[in-house]
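Read through the structure below, which is laid out as structure tokens, and then see the notes.
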Amino acid sequence: MKTSPITPADLARSVIAVPPLARHADLSLDRDANRAIVRHLEGGGVRSLMYGGNANFYHLAVSAYAETVDMLAEIAGADTWMLPSAGPDFGKLLDQAAILRTRTFPTAMLLPMTFPFTDAGLADGIRRFGDALGRPVVVYVKADPYLEPATLGALHREGRLVAVKYAVVRRDPSRDGYLDAILKELPREIVVSGIGERPAIVHLRDFGLVSFTTGSGCIAPHLSMALLDLLKRGRYDEAEAIRSAFLPLEDARDASSPIRVLHDAVGLAGVADTGPMLPLLSGLSAGEQARVEPAARELLARDRARAAAPIAA
């Protein structure tokens, strides 16, 4: 596992996959299945993995946290960056920081709080979490408003931020005043698009963000990495052709639940059996699975075809 500090170059070198967390029927961790997911991602060139919402860290007991993050460190390749998340409430942040401080993860991400919080209180919590962790952190911005852009700027100037995951959903991602304001306070090289392939072209081409997170890329890592490469080279028409391959599964995720659909889709595609979800979430119904499975299997087939194709110059 990569343990050295995270730099802008690290953020830009790979998409950041956000996998589900596989479990046995008794809800214990399925190490073999989780290892298979990680190897599938690494085999497609992905070197950055974030365990947060899709892994249902929101409902992870503090008593199970050490075992979970230790497993992530154990199954990671030598140069793979594992990014565990913490929180979202302040009590869990401090308890989990005490656990992470004794491990070698280079940073951790704060899960987004929805209620109750204030701008000043959240900033204070970020500072205290970073101090307890002993490292700068990743902040997840999922709503507008969340943190004021000036507050993010102050945290950055204090050396407290590794990166910001920006995941505010817009009907038209090219029109985003909040992101514009954030980028006036933060260098673009530490801001990552956090909503998968759907807005990735706009976020990297028009706003200059450095990379993007991917859930569906857990099924199609070769395609997701190819999309990032094409965007870096300004080959936007080719990038759009690859992005379109993700839309059927992304549409299914948006129509139901991005977390639940991805969790089951990874298994339905044949990557690894992800098992049941940790409550308070639940898996898809049989009818939902029947609608998701064709999109998941087609995406994996297209990824395998991409892996077998000659690499374009």
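Equivalent ellipsoid of the stretch 105-193: semi-axes from √(5λ) of the C-alpha gyration tensor, largest first, are 21, 14, 12 Å.
Using the Cβ-Cβ distance between Arg175 and Thr118 with R0 set to 30 Å, the FRET efficiency works out to roughly 0.65. Once you reduce the stretch 11-81 and the stretch 234-313 to the center of their Cα atoms, the two points are 17 Å from each other.
Remark: Thr3, Thr80 ranked as Thr3, Thr80, counting other beta-carbon atoms within 10 Å and listing the fewest first.
Note: relative contact order over the stretch 8-244, using C-alpha pairs below 8 Å and six or more positions apart, is 20 percent. Inter-label distance, Arg304 to Glu67: 3.4 nm, where each label sits 7 Å from its Cα along the C-beta direction.
With the convex hull drawn around the C-alpha atoms of the stretch 8-244, the volume per residue stands at 121 Å³. May I ask which of Lys142/Lys232; Lys92/Lys184; Lys142/Lys184; Lys92/Lys165 have a Cα-Cα span longer than 22 Å here? Pairs exceeding 22 Å: Lys142/Lys232; Lys92/Lys184.
Above 19 angstrom, tally the Cα pairs of the stretch 158-255 and express them as a % of all pairs, no decimals. Considering the stretch 158-255, 39 percent of its Cα-Cα pairs are separated by more than 19 Å. Working from label points 7 Å from Cα in the Cα-to-Cβ sense, the Asp79 to Arg101 distance is 3.3 nm.
Residue exposure proxy: Asp119, Asp30, ordered by other Cβ atoms within 10 angstrom of their Cβ from fewest to most, comes out as Asp119, Asp30.
For the stretch 56-140, the gyration tensor built on C-alpha atoms gives a prolate shape. Its axis ratio a/c (a ≥ b ≥ c) is at least 1.5, and a/b is the larger of a/b and b/c. In plain terms, the residue of Glu42, Glu148 with the fewest other Cβ atoms within 10 Å comes first and the most crowded comes last, giving Glu148, Glu42. Along the axis of the charge dipole computed for the chain (Cβ charges of +1 for Lys and Arg, -1 for Asp and Glu, origin at the Cα centre), the listed residues Leu230, Thr68, Ile37 are led at the positive end by Leu230.
Every read-out reported here was derived from the displayed coordinates using simple, explicitly stated rules and does not represent laboratory data. It should be emphasised that the depicted structure is a prediction, and the values quoted were computed from it without experimental measurement. Methodologically, a virtual Cβ is constructed for each residue, glycine included, from the backbone with ideal geometry; neighbour enumeration extends over all protein chains shown.
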